[in-house]
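Student: Got a structure for you, written out below as structure tokens; questions coming shortly.
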Amino acid sequence: MRQFLLILCLIVPASADVPVLLQQGNDACADGLWDVAALRYDQLLRDSELAKPLRAEVAIRLAEAWIRSGQATKTLDLLADKQLPPQPATYFWNAQALAATGHLTKAVEALAPALEQTDAAFRTEAILTRASLQLALNQSAEALLTLKALTNSRKPETAALARLRQAEILLDQGDVEGARAIIPATVALVARYRPETALARARIALAEGNPGDAIPVFADLLEQPENQSLSRFCAAAIGLADSLAAQGDPTAAANSLLAFIGDRPEPPWLDLMFERILRWLPDPPQADDPILVRVAGWIPPLPPPPPAILNISADSAISAWPTWNDEFPLAPYAIHTLAIALGRIDAPQAQAESHTLLTRLQLEFPQHPLAHRALLATARSLLAKGEIEQALAVLDHFPSDPSIQGKAEFLTAQAAFLEGDPTQAIALFDAAAKTLDARDAETARLNAAIIRLGQGIALPATPTGTPPLLSPGLSSDLQLEQALAIKDPAAARNALEAFLTGHPDHPRQAEARLAAAAAAMASQPPDLANARAHLAAITAADPGGSELLPPARLALVKLRLTDLSNKPEETVAAAKAFLEVFPSDPAAPDVSLLLGRSFYQAGEYNQARMTLEKLAATDATATRAQAAWLLAARAAALVPSPQSREEALALFDQTIATDGPLATIAKLEKARLMLDLNRLPEAITFLRAWLKTLPNNDPLHLPAGFLLGEAVTLAAGDSPEDLAEALSIYQKLLTHPAADDATRNRLKFLCGQMLEQLPDPKNPGGNRIPEAIEAYYSVLETAAKTPPTEWVWFERCGFKALELYAAAERWQSAIAIAKKIASCHGPRAEEAANQARILQLKHMVWED
């Protein structure tokens with residue numbers, strides 16, 4: 001219930017005189033990101049030109065950051081460095097490090113100076129920490145004496161806090177009268193400690209036999225969780241239930257705990273809660289008791305086939321057990337409670353169901369502490385039935401005999417069990433147990449034991465104007481010619497519209513409308529409605545007018561309109577018709593290219609490839625041929641045939657070998673396809689050779705580098721050397737001058753991904769998760785000075801850091817990251833703010 005360490009965050013305001021690394025470390029501390037802060041302080045401390053006074057300050061900050069990030073051993077080594085000037089707070093942080101490394105007695109001794117030296121650094125925190133450590137050492141009397149040193153403090157709130165801690169100790173010892181006498185008035189304490197005082201007073205009232213006085217206090221604490229630790233919040237829930245039970249209403253007591261657990265399914269002290277629920281059931285209970293029905297609702301349904309027996313991994317026998325399913329955190333407690341309750345009912349059906357539940361608990365949650373209790377309960381049940389040999393076998397099923405040669409038998413045994421042959425499965429598990437290593441043999445024996453129990457067999461041990469001199473006819477013709485000569489589509493369109501408006505009956509109206517339609521489609525964005533209107537007006541104004549137009553030109557404009565209308569199937573038909581009627585038209589190659597592209601857009605990849613390959617092989621225009629080769633390669637890559645995808649690589653090579661602007665795109669797409677085809681060594685060789693030909697500042701280093709990094713990562717598997725190479729590729733790209741914010745954020749994300757998988761070079765048994773978090777957090781760090789210019793990778797980095805902190809149960813840091821993401825007001829700000837609220841409420845983290 002009590003926190004051993006009361007540690008501080010030494011934050012200073014930003015200043016122009018503060019080194020950047022120091023300020024970054026301080027900012028990380030303010031956010032509760034201790035491992036990031038430690039990396040900054042450590043980097044600064046390695047600067048040989050750092051002034052001695054500042055060096056001492058940085059060392060103390062580093063000591064704190066290491067302690068808070070779980071690296072207390074480094075703190076001990078740091079503070080033992082005699083080259084560092086002594087600091088008043090050295091004793092305090094040294095003691096914190098001792099405690100964090102498990103040396104509680106030495107930590108108590110190291111904090112002793114605070115008792116006698118009233119000017120000792122962090123004296124209050126030191127004394128409170130010392131008392132907590134003494135309690136952990138079961139030295140209650142000594143803890144009371146330590147706290148006494150603060151009871152006469154000049155700061156009333158400090159004295160009150162010390163008395164509160166003394167009262168809690170006395171209460172835990174059963175000295176209710178002593179606790180009542182010393183507990184301070186609630187108003188004497190700062191707001192953060194008032195709920196704690198209220199909890200202690202309610203406990204006193206309950207212990208004095210006044211549950212009616214305690215109930216409203218416990219209930220109020222549950223309604224207002226602010227400033228409460230999770231453990232004390234749970235203590236209030238248990239206190240309320242105990243008070244209801246003390247009033248003679250065990251059913252209401254059990255229901256209050258069930259409601260609390262249902263609202264917060266992963267609180268601590270589930271053992272204490274379920275023990276009470278079990279205790280408050282009638283003896284014997286009814287199988288349909290509402291309490292048991294509610295408990296049963298927390299038991300997940302069985303998987304479709306019979307319960308799968310256990311697997312052995314290549315790495316450890318631990319994975320031989322079914323994974324404890326975090327989706328159902330209450331399941332083991334609910335299974336155990338229901339099994340024990342049903343076991344108290346003297347009826348064959350209830351007894352059989354109890355036995356099934358106990359076996360299921362052992363099978364599905366073998367690493368849960370309750371699995372051992374279930375085993376004992378099974379043994380007791382067997383003893384009660386007089387089945388002594390089976391009971392003894394259940395109690396003696398964890399022998400160890402190191403070996404690794406029985407995995408084949410183990411897998412064969414698993415297959416036999418799934419095929420419905422328990423006898424063969426038992427024999428094979430028994431045989432596997434004789435050659436497997438200790439833990440795997442343990443698993444094999446327990447599998448055999450579970451099957452035997454199910455078969456009733458005795459068990460062995462197992463574990464996007466004109467010039468006026470011109471005639472009107474010549475003037476209008478000149479106006480049209482001028483309009484037709486304009487290159488800019490928008491200007492041409494305006495000139496043609498002006499001509500048509502001023503000369504609606506001109507004999508060349510159809511020609512003008514055809515040109516206007518083409519200009520409308522060439523404008524940005526294309527005005528397809530205007531183009532359709534002009535084409536329709538050609539026939540409407542003069543049904544024979546279109547016959548005066550060049551037929552190939554008219555067909556091309558109509559084909560262009562169909563293409564821009566995103567109708568690939570109709571475009572295919574129109575392009576084919578054009579090529580059949582005008583096979584020698586100068587535009588035929590362009591139409592062939594359009595035909596191939598339309599086949600591609602329609603999903604007809606084989607037709608697209610054949611059309612485009614034919615064009616590329618015969619076209620004398622290099623740029624068009626190159627475009628055809630590229631589209632042909634893309635089409636071949638999309639044909640659902642391994643051979644076609646392999647042939648696509650050769651088509652990309654044709655694109656690269658053809659003069660034109662598309663070679664770079666072809667190289668990138670070829671590399672992408674190699675990755676998709678799992679031709680990783682070839683992709684790596686191809687990309688490395690290409691990158692060597694690029695100037696250092698060429699922007700192409702970025703897309704090609706991303707592909708190389710991905711290829712190396714995919715080829716790496718679990719190889720630390722290859723993962724480290726991928727990391728170095730991404731780190732080098734971070735320094736490229738063409739990298740924008742989005743690119744840098746993406747690279748930081750990828751660096752983090754690599755670091756998560758790499759072992760610590762200084763500690764092969766450790767990992768580089770702190771460095772991964774630092775990579776992700778460095779993206780969020782930039783938001784303090786400049787608002788994000790992109791959100792996708794910015795927020796992915798933030799949420800990844802949040803995920804890692806949550807996985808490590810570093811709730812304060814996780815909440816700080818979530819709040820930082822939310823404060824940037826990006827697309828996922830609400831999601832982040834919501835996560836911060838959920839984590840804060842779930843884990844009762846209000847302040848440090």
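The values are calculated or read from the model by the stated rules, or taken from the named source; none is laboratory data. All values reported here derive from a predicted model rather than from experimental measurement. A quick note on method: Cβ atoms are made from the backbone with ideal geometry, for glycine too, and the neighbour counts reach across all protein chains shown. Areas reflect the complete protein model, heavy atoms only, side chains present, ligands, DNA and RNA absent. Shrake-Rupley method; radii C 1.70, N 1.55, O 1.52, S 1.80 Å.
Student: Within segment 172-200, can you find the residues that are surrounded by 19 or more Cβ atoms within 10 Å (Cβ to Cβ) and closer than 18 Å to C234 by Cβ?
Tutor: Hits for segment 172-200 are P195, E196, T197, A198, L199, A200.
Student: Would you confirm whether any residue within segment 579-594 is over 26 Å from A663 (Cβ atoms), part of a helix (DSSP H, G or I) and hydrophobic (A, V, I, L, M, F, W, C)?
Tutor: yes
Student: Follow-up. Of all the residues that make up segment 616-661, how many are within 44 Å of the chain's Cα centre (by Cα) and in a helix (DSSP H, G or I)?
Tutor: Quick first cut of segment 616-661, residues within 44 Å of the chain's Cα centre (by Cα) only: 626-657, 660-661.
Cutting the leftovers down to in a helix (DSSP H, G or I) gives us 626-638, 642-657.
Qualifying residue count, segment 616-661: 29.
Student: Can you tell me how many residues in segment 611-644 are within 16 Å of S598 (Cβ to Cβ), open to solvent by 70 Å² or more (accessible area, probe 1.4 Å) and not aliphatic (A, V, I, L, M)?
Tutor: Looking only at that region, the number is 2.
Every residue, every condition in (1) under 17 Å from N745 (Cβ atoms); (2) out of contact with any Leu (no Cβ under 8 Å at 6 or more places or on another chain), yes or no:
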{"position": "R810", "(1), (2)": "no, yes"}
{"position": "A818", "(1), (2)": "no, no"}
{"position": "A829", "(1), (2)": "yes, yes"}
{"position": "A832", "(1), (2)": "yes, no"}
{"position": "L841", "(1), (2)": "no, yes"}
{"position": "V845", "(1), (2)": "no, no"}
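Student: Evaluate the following for T186: is it among the hydroxyl-bearing types (S, T, Y) and at pLDDT 90 or above? Write out each step before concluding.
Tutor: Numbers: among the hydroxyl-bearing types (S, T, Y): yes; at pLDDT 90 or above: no.
Criteria not met by T186.
Student: May I ask you to verify whether E809 is acidic (D, E) and part of a helix (DSSP H, G or I)?
Tutor: Details: acidic (D, E): yes; part of a helix (DSSP H, G or I): no.
In short, no.
For every residue, the table says whether it meets (1) β-branched (V, I, T); (2) touching a Lys or Arg at 6+ places or on another chain (Cβ under 9 Å); (3) more than 23 Å from Q23 (Cα to Cα).
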site: Y777; (1), (2), (3): no, yes, no
site: A783; (1), (2), (3): no, yes, no
site: I817; (1), (2), (3): yes, no, no
site: E831; (1), (2), (3): no, no, yes
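Student: What residue, of A715, A742, is under 20 Å from E790 (Cβ atoms) and open to solvent by 20 Å² or more (accessible area, probe 1.4 Å)? Spell out how you get there, then give the answer.
Tutor: On the way: A715 fails: under 20 Å from E790 (Cβ atoms).
The match here is A742.
Student: Also, quick follow-up: If we scan segment 78-92, do we find a residue that is over 24 Å from P53 (Cβ atoms), open to solvent by 30 Å² or more (accessible area, probe 1.4 Å) and of a type in the set (A, V, I, L, M)? Steps first, answer last, please.
Tutor: First pass over segment 78-92, keeping only residues over 24 Å from P53 (Cβ atoms): none.
Scanning segment 78-92, I find no residue that is over 24 Å from P53 (Cβ atoms), open to solvent by 30 Å² or more (accessible area, probe 1.4 Å) and of a type in the set (A, V, I, L, M), so the answer is no.
Student: Can you work out which of the residues in segment 53-71 that are more than 32 Å from the chain's Cα centre (by Cα) and of a type in the set (G, A, S) is farthest from G32 (Cα to Cα)? Can you show your working first?
Tutor: Taking segment 53-71 first, the residues more than 32 Å from the chain's Cα centre (by Cα) are 53-60.
Narrowing further to those that are of a type in the set (G, A, S): 56, 59.
Details: A56: 22, A59: 18 Å.
Ranking the qualifying residues of segment 53-71, first place goes to A56.
Student: Sticking with this one: So in segment 776-802, with the set limited to residues that are among the charged types (D, E, K, R) and surrounded by 16 or more Cβ atoms within 10 Å (Cβ to Cβ), which one is nearest to G752 (Cα to Cα)? Let's see the steps before the verdict.
Tutor: Step one: of segment 776-802, the residues among the charged types (D, E, K, R) are 781, 785, 790, 795-796, 800.
Filter once more, keeping what is surrounded by 16 or more Cβ atoms within 10 Å (Cβ to Cβ): 781, 795-796, 800.
Numbers: E781: 15, E795: 14, R796: 11, K800: 9 Å.
Within segment 776-802, the match that is nearest to G752 (Cα to Cα) is K800.
Student: Taking segment 669-691 as the region of interest, how many residues are assigned to a helix (DSSP H, G or I) and open to solvent by 60 Å² or more (accessible area, probe 1.4 Å)?
Tutor: 6
Student: Looking at segment 230-275 only, could you name the residues that are surrounded by 19 or more Cβ atoms within 10 Å (Cβ to Cβ), among the small types (G, A, S) and farther than 21 Å from I335 by Cβ?
Tutor: A235, A236, A237, G239, A241, S243, A245, A253, S256
Student: Still on this structure, I have one more. Could you say whether any residue in segment 548-563 is touching a Ser or Thr at 6+ places or on another chain (Cβ under 8 Å) and surrounded by fewer than 15 Cβ atoms within 10 Å (Cβ to Cβ)?
Tutor: Let us first name the residues in segment 548-563 that are touching a Ser or Thr at 6+ places or on another chain (Cβ under 8 Å), namely 554, 559, 562-563.
Still in the running and surrounded by fewer than 15 Cβ atoms within 10 Å (Cβ to Cβ): none.
No, segment 548-563 contains no residue that is touching a Ser or Thr at 6+ places or on another chain (Cβ under 8 Å) and surrounded by fewer than 15 Cβ atoms within 10 Å (Cβ to Cβ).
Student: Also: State which residue pairs qualify: first residue under 13 Å from L484 (Cα atoms) and hydroxyl-bearing (S, T, Y) and inside segment 514-526, second residue assigned to a helix (DSSP H, G or I) and open to solvent by 10 Å² or more (accessible area, probe 1.4 Å) in any location, beta carbons under 6 Å apart, and separation of 6 or more residues or different chains.
Tutor: Hits for this filter: zero, empty list.
Student: Could I ask something else about it? Residue under question is T105, and the condition is that it be touching a helix residue (DSSP H, G or I) at 6+ places or on another chain (Cβ under 6 Å) and open to solvent by 40 Å² or more (accessible area, probe 1.4 Å); does it hold? Reasoning before the result, please.
Tutor: Working: touching a helix residue (DSSP H, G or I) at 6+ places or on another chain (Cβ under 6 Å): no; open to solvent by 40 Å² or more (accessible area, probe 1.4 Å): yes.
So T105 does not fit the description; no.
Student: Take A666 and decide whether it is in a helix (DSSP H, G or I), closer than 14 Å to F652 by Cα and among the hydrophobic types (A, V, I, L, M, F, W, C).
Tutor: Working: in a helix (DSSP H, G or I): yes; closer than 14 Å to F652 by Cα: yes; among the hydrophobic types (A, V, I, L, M, F, W, C): yes.
In short, yes.
Student: Within segment 564-607, count every residue that is open to solvent by 20 Å² or more (accessible area, probe 1.4 Å), among the aliphatic types (A, V, I, L, M) and over 18 Å from P550 (Cα atoms).
Tutor: Residues in segment 564-607 being open to solvent by 20 Å² or more (accessible area, probe 1.4 Å), among the aliphatic types (A, V, I, L, M) and over 18 Å from P550 (Cα atoms): 5 in total.
Student: How many residues are touching a Pro at 6+ places or on another chain (Cβ under 7 Å) and either more than 12 Å from F274 (Cα to Cα) or open to solvent by 20 Å² or more (accessible area, probe 1.4 Å) (or both) if we restrict to segment 326-345?
Tutor: Keep residues of segment 326-345 that are touching a Pro at 6+ places or on another chain (Cβ under 7 Å), which gives 328-331, 341, 344-345.
This time we only want the ones that are either more than 12 Å from F274 (Cα to Cα) or open to solvent by 20 Å² or more (accessible area, probe 1.4 Å) (or both), so: 328-329, 344-345.
Residues that pass the stated criteria total 4.
Student: Return the residues of segment 637-678 that are closer than 22 Å to V712 by Cβ and acidic (D, E); say none if nothing qualifies.
Tutor: Result: E669, D676.
Student: Oh, and also: What single numbered condition from (1) hydrophobic (A, V, I, L, M, F, W, C); (2) within 38 Å of the chain's Cα centre (by Cα); (3) crowded, with 23+ Cβ neighbours inside 10 Å; (4) under 22 Å from T73 (Cα atoms) fails to hold for L111?
Tutor: Just one mismatch for L111, condition (2).
Student: Same structure, new question: Could you check segment 346-373 and list, in sequence order, the residues that are surrounded by fewer than 18 Cβ atoms within 10 Å (Cβ to Cβ) and outside any helix (DSSP H, G or I)?
Tutor: D346, A347, Q367
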